[in-house]
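Novice: Supplied in structure tokens, the structure appears directly below.
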Amino acid sequence: MCKSEIFAEILNCVSIETEISTDKILSSNKDTEIVDARYLLVHFLSERGLYPSQIAIHIHKSKRAVNYIISNFQDRIESGKMLRIQYENLKKQVGSN
């Protein structure tokens, strides 16, 4: 599976689980639930082996922003119950692939 297929698959899974459109996830919107979805997307892309620079291109953010998301993911998971639930559900779908 190529990088763009991995990206599309994970983006779709995150969109379905969070009930947020892919356009909103990839936007610069800073609403909490959209930022949470973006964190999930970046986390699972990173887990699947994409480098921060590759993720940054796909989500239209800087490499620095992607690195920030990766390094602060655990803190965000611990502070948000809904995010933690969505993460666990996605881990079953995406993590096993």
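Novice: Volume per residue, Å³, of the convex hull around the alpha-carbon atoms of the chain?
Specialist: 85
Novice: Separate question: Starting from the Cα-Cα distance between Glu88 and Lys63, subtract it from 0.36 nm times their residue separation and give me the gain in nm to one decimal.
Specialist: Contour length minus Cα-Cα distance gives 6.4 nm.
Novice: Counting pairs of alpha carbon atoms under 8 Å apart in space and at least six apart in sequence, what relative contact order in percent does the chain give?
Specialist: Normalised by residue count, the contact order of the chain is 29 percent.
Novice: Leaving ligands, DNA and RNA out of it, rank Glu78, Glu9 by accessible area with a 1.4 Å probe, largest first.
Specialist: Sorted descending by solvent-accessible area, the residues read Glu78, Glu9.
Novice: How would Thr32, Thr18 rank on accessible area, largest to smallest, probe 1.4 Å?
Specialist: Thr32, Thr18
Novice: Taking the chain as a Gaussian network, Cα atoms linked when under 10 Å apart, which of Arg64, Arg84, Arg48 shows the biggest mean-square fluctuation?
Specialist: Comparing Arg64, Arg84, Arg48 in a Gaussian network model of the chain, the most mobile one is Arg64.
The values are calculated or read from the model by the stated rules, or taken from the named source; none is laboratory data. What you are looking at is a predicted structure, and each value in this text was computed from that prediction instead of being measured. Just the protein is used for accessible areas: all its heavy atoms, side chains included, with ligands, DNA and RNA removed. Shrake-Rupley method; radii C 1.70, N 1.55, O 1.52, S 1.80 Å.
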